[in-house]
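The structure appears below as structure tokens.
Only the coordinates and a few stated rules stand behind these numbers; no lab work does. Here the structure is a predicted model, which means the values were calculated and not measured. Note that each Cβ is placed from the backbone with ideal geometry, even for glycine, and that neighbours are counted across all protein chains shown.
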Amino acid sequence: MKHKSWKSSTFVILGVIGFLIICQACQALKPAGATQNKGEYTGMEKILIPHKSWPCSMAEGIPVPEHGVPVLVADMKLDQTYKLGRTQFGQRVVYVVKEGTITGKKIKGSVMFGGLDFQLSFSNGVMEVEEIFVLQTEDGKYIYLRIAGTAADPSDVRIVPEFEAPSAGDYSWINTGKYTGRREVDLDAGTIKVSVFDVSRVAVKPNAANSVRVTKPSGFQDQPWDFRNASMDEKQGDLLIKENVTLGRGQMVGATGKTNRNIIPITGGTLSGKIEGKVLPGGADYQNLSNPATIDARYLWQTNDGEVIIVRNGGGFGKLAPIFEVREDSKYEYLNRGLYLSSPPGMGSGGVSLTFYESVK
């Protein structure tokens, strides 16, 4: 009897183990967005409706990218990853791109060094992404690419690219499409992949059944898409820092039909004053030379005690207004709350010099 009971128990245990193995195999084969487990993301094949504060220029909803026509794939290597921590906007990570390649039916080329990927994450799995890249086609033309992206779940980061290519030339077609795509980061491989699709002919009619809405936790400021415009009554107050920025060779896009874009890569530099440190390689001054001309410099500082600060210095050449982003528990957190002004760029060692001031009225 004992022997028989032992055999019966063994069969039961083996049966349970076999069932678990089968379940694990099914789980591994299950496509992303399946609904077998409670709480699992189900929106991979649905329209994604962005949060109202970050509409990605598709507030009505971002369709499934693969329902469109493939345009290009950018495969990029990461140069640096900077984990800022919790800032006024969310949990911030910045990726700096080392290099990359572009492949597509109508376009081939490379991604220039210094592209920036600004990622925000929230406790409920929501993400917001901004990316800025400069592409160079195989025949030497430059294309400015700025991307807004979002996700209700990290497995489904959708992007809405905006291209600026020379309006006179073989790539003007890319200025007029309606594009979405996917953005994938592989930290183990040190890569970012951006896939772009033309969804001009994809219908977007969201309802409760076919869409997923992005919701963000409370307690964070909404990140801006545009640079800050200083008011007319703001004046330069106390000196904040003096900055010397070294620059790379200019990347002239030219007239695009919307802008007259000139891009000057940022390769490094030094800081002195109330903040001591250096300018990190990456980013650029993305100038629009259309009348009235504006500067939009996007880059990073690193203080002597290791703090990374996101810098955006934008506006008209006569009145630049820098804004900053740094972790909330940093001793430099006051930068997140203050108003500041910048001098116009002057001649510097290997590039330009600027002086930042507190703003007063």
Inset, instruction - May I ask you to list the residues of region 271-311 whose amide nitrogen lies under 19 Å from a point 7 Å from Cα along the Cα→beta-carbon direction of residue 238? - result: 272-277
Legend entry - Distance violations [Cα-Cα > 27 Å] among 216/278; 77/105; 108/178; 52/178: 216/278
Legend entry - Likely footprinting exposure, 89, 220, fewest C-beta neighbours within 10 Å first: 220, 89
Inset, instruction - Calculate the dipole size of the chain relative to its Cα centre from +1 charges on Lys and Arg beta carbons and -1 charges on Asp and Glu beta carbons; express the result in debye to the nearest 20. - result: 1000
Inset, instruction - With everything on Cα atoms, drop me the angle between helix 2-29 and the longest principal axis of the chain, reported from 0 to 90° to the nearest 10. - result: 30
Legend entry - GNM flexibility winner over the chain from 230, 255, 203 (Cα, springs under 10 Å): 203
Legend entry - DSSP-assigned coil residues among GluC sites (Glu not before Pro) in region 158-217, each with at most 12 further Cβ atoms within 10 Å: none
Legend entry - Lys, Arg +1 and Asp, Glu -1 on Cβ, resulting dipole of region 47-213 about Cα centre, debye, nearest 20: 340
Inset, instruction - Give the order of 218, 353 when sorted by the count of other beta carbons within 10 angstrom, beginning with the fewest. - result: 218, 353
Inset, instruction - Taking the Cα centre of region 235-360 as origin, sum charge times position over the Cβ atoms of Lys and Arg (+1) and Asp and Glu (-1), and report the length of that vector in debye to the nearest 20. - result: 460
Inset, instruction - Give the order of 182, 86 when sorted by the count of other beta carbons within 10 angstrom, beginning with the fewest. - result: 86, 182
Legend entry - Mean ellipticity per residue at 222 nm, deg cm²/dmol - from DSSP H runs of n ≥ 4 across the chain, formula -39500 (n - 2.57): -3000 deg cm²/dmol
Inset, instruction - Place +1 on the Cβ of every Lys and Arg and -1 on the Cβ of every Asp and Glu in the chain, take the dipole about the Cα centre, and give the residue among 323, 76, 214 whose Cα lies farthest towards its positive end. - result: 214
